[in-house]
Amino acid sequence: MFKSLILIVLFLPFCISYDTLAPNQFINDGQSLISKENNFALGFYSPSNSSHRYLGIWYVKVKKQTVVWVANRNDPINDSSGVLSINQFGNLVLHDSSNRLVWSTNMSVKGTTTTSSVAQLQDSGNLVLVQDNNQNVLLWQSFDYPTDTLLPKMKLGVNLITGLDRFLTSWKSQDDPGSGDCFYKMILHGSPEVFLYKGSTPYWRPGPWPWHSSSPATVSSGYKFDFVNNEDEVSYAYFLDDPSIISRLVVDNSGLLQQLMWNQGRSQKFCSAPVWNEGDLQWKELWSAPKYRCDKYRQCGTYSKCSPDNINRFECMCLPGYEPKSPRDWYLRDGSEGCVRKKLGLSICRNGEGFLKVQRLKGPDSANAVWMDRSMSSSECEQACLSNCSCTAFVSMNIDGKGTGCLSWYGELVDILENSDEGWDLNIRVDASELAKYTRKSKGGFGSVFKGQLPNGQQIAVKRLSKSSQQGIEEFKNEVMLIAKLQHRNLVKLFGCCIQEEEKMLIYEYMPNKSLDSFIFDHTRSSILNWRKRFEIVDGIARGILYLHQDSRLRIIHRDLKTSNILLDAEMNPKISDFGMARIFKGDQIQDKTTRVVGTYGYMSPEYAVFGKFSIKSDVFSFGVILLEIISGKKNNDSYQKHPSLTLIGHVWELWREGRALNIIDSLINESYVSDQALRCIQIGLLCVQEDEMDRPTMLAILHMLSSEATLPSPKQLAFIFRRPIQDLALVIGGGSCSINEVTISKVEAR
């Protein structure tokens, strides 16, 4: 057998290479298979400081030999006597000089002789064994038995029919490709997710599926991923838009998971293969994990979240309704014991409890989580969780544009990470007293809003003003008087009101899609709003404000325009709500002044925030902020990695001056927006937020700008380009109040 060798030539003239191994052929040490496009080689090699020989697959175009798969990783050959062939049973077999079987594919039934198996090294890096050289009859593939590397199109996960578990295992060391102690594998308990293990200890996880664009799976715009979860398999794979990019995901022996890309430098075509410039040839790290303290699994224990932005203070924070289990350890900056419920003796089972929403999180460990339904609305998801006393939290999200899904947790919530830009909105079950406490903290709208139903079956929204609100009865009367006199398709309708002793309620039309901010700032739901729909929403808001300023019998200044006060009906049409802080202008009155500044930080114009002066141009400023938020999907108060001191306004202004304004557009609508129309909207937004109110256009002019193609004026100096600490703003305002809501109540539904 060993004397009948057919040489597989590594490189032949005219760039010819062999990629297949037939039953009557062999590969000796020193010979290789080369994939058709010269992407990968299969042959024998030794790690840098080792004399042992291994059969492996490595990149051809990467100058520094980088092995992506090893056949005999735990059974090295001590000399260069290794031979790879196909035996009489159709298996790939590796023997050494003593004819010892070192490694085999072991896929056929012993006793069944076949000579029709053919091995091929594909350009994906996959070594396949096929029947009769037919790619459609796959007998075995190396992609099913990964070592430490995941390549594009390679699956990580479990075949539920065969039981095959594909996972990554680190090398023992740089010089020993034997199986190490670190694993990266799919865990099927509860809702499936991948875990990085050090030994038997969970070390890091990216979070439950579906993942967001900031997650490792989609860290680059050129990366796409496919997650399969059905009765046949649960698996994950990633793909590259550009097949010429060389990339790999690898777990090393220290427990570090890295996504790497080969920096190829400049290239020239020669003989159908690139000749690489060697000036900058190296592996470039696109991302790695775990990288920060908060990345470590259970860094902050149960019922808590870890905030990587807490640079100068303890990174661990208890979830709403919970407190540190060990206050002493917490004081010593050790959060490993986690948190416990504040009132352990108080039942949260059908005792007036509800849910509080904490935004932008990496979802908890999903080992005790269950997908209730893939077509359940947010309110249905909440009711399903509320009806089960063991349900501790839920998430309602859009799944790949296929509808809203409901994921609920039963038991401990652990390994929660706070994301600064995006993530899941986790609804946490809390007792009635905790729910009431957060209700009192909510100043926006001066109370809670509940879903109701009239005897005739019509759904309504009931706004109950908070008894403890400093703004009580006056705002209530103001809202009733104003809305009763206002009729416009872009203003919310008031059906009735009620005053009894200290109870004050308003009855509105029910808006099933809640508020605009619940879409544009939610990565899973914002994909529903394509460019056309966002433009229609902008146009509707502008028409509603124009009606308030000019077309109604009274001239109304809203004073608290923001995305959370823009409600969406069943057809996603915008309707302006919350007129508790609105003011009526009489006759030809242009401006007014107040010593009591109320509103929301980030939407207030400079003349109002600093001097208490308000006019129609104050609302125009707020509209400009809303417009830029709708286009970008970002909040005005968000910070940016390169320039954390900039507001959204400042960031857009910076990009506008550099001629890169389109970079601000929400990545989820990259394929649907019209560039000229988008640039026009951005410019209109900048005109609205100019510092000098006299420079800002009126709402009538804005509607003309939105509907015409006339040349627009260039924006001048903008207001609030840089972020100002909230406490500093209070000093400038001089004792005024502004609402800053970071925790919302999910039990409360849209007006």
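Does Asn38 count as at pLDDT 90 or above, touching a helix residue (DSSP H, G or I) at 6+ places or on another chain (Cβ under 9 Å) and in a loop (DSSP other than H, G, I, E, B)?
Yes: the conditions hold for Asn38.
Only one of Asp592, Asp588, Asp560 is modelled with pLDDT under 85, in a loop (DSSP other than H, G, I, E, B), assigned by TED's automatic domain parsing to the domain that holds Asn530 and among the charged types (D, E, K, R); which?
One residue alone meets the criteria, Asp588.
From Ser104, Ser35, grab the single residue that is surrounded by fewer than 20 Cβ atoms within 10 Å (Cβ to Cβ), under 21 Å from Asp144 (Cα atoms) and either within 46 Å of the chain's Cα centre (by Cα) or in contact (Cβ under 8 Å) with a residue 40 or more places away in the chain (or both).
Ser104
For the range 245-263: of the residues being touching a residue at least 60 places away in the same chain (Cβ under 8 Å) and assigned to a strand (DSSP E or B), which is nearest to Gln282 (Cα to Cα)?
Out of the qualifying residues, it is Trp262.
Could you please let me know if Glu337 is among the charged types (D, E, K, R), crowded, with 20+ Cβ neighbours inside 10 Å and either assigned by TED's automatic domain parsing to the domain that holds Glu412 or in a strand (DSSP E or B) (or both)?
Taking the combined requirement at face value, the residue does not satisfy it.
Given the structure, is Asp592 surrounded by fewer than 18 Cβ atoms within 10 Å (Cβ to Cβ), in contact (Cβ under 8 Å) with a residue 12 or more places away in the chain and either among the β-branched types (Val, Ile, Thr) or closer than 19 Å to Ser605 by Cα (or both)?
Yes; evaluated as a whole, the condition is true for this residue.
Of the residues that sit in the range 563-580 and are in a loop (DSSP other than H, G, I, E, B) and at pLDDT 80 or above, which one is farthest from the chain's Cα centre (by Cα)?
This residue is Phe579.
Take the residues of the range 135-157 that are touching a residue at least 60 places away in the same chain (Cβ under 8 Å) and not in a loop (DSSP other than H, G, I, E, B): which is nearest to Ile86 (Cα to Cα)?
Ser142
Mind checking which residues of the range 483-530 are in contact (Cβ under 8 Å) with a residue 60 or more places away in the chain and aromatic (Phe, Trp, Tyr)?
Listed by number, the residues that qualify are Tyr508, Tyr510, Phe521.
So which residues in the range 687-706 are in contact with a Phe, Trp or Tyr (Cβ under 6 Å, 6 or more places away or on another chain) and either free of Cβ contacts under 8 Å to residues at least 12 places away in the same chain or assigned to a helix (DSSP H, G or I) (or both), if there are any at all?
The answer is Cys688, and nothing else.
Any chance you could count how many residues in the range 242-255 are modelled with pLDDT under 90 and touching a strand residue (DSSP E or B) at 6+ places or on another chain (Cβ under 7 Å)?
The total comes to 1.
Of the residues Ser213, Ser267, Ser307, Ser220, only one is closer than 15 Å to Asn419 by Cα and modelled with pLDDT under 55; which?
Ser213 is the lone residue from the list that is closer than 15 Å to Asn419 by Cα and modelled with pLDDT under 55.
Going by the conditions given, is Ile669 in the same structural domain as His523 (by TED's automatic domain parsing), modelled with pLDDT of 90 or more and crowded, with 19+ Cβ neighbours inside 10 Å?
Judged against the criteria, Ile669 is not a match.
The values are calculated or read from the model by the stated rules, or taken from the named source; none is laboratory data. All of these numbers come straight from a predicted model, not from anything done at the bench. Glycine also receives a Cβ, built like all others from the backbone with ideal geometry; neighbour counts cover every protein chain displayed.
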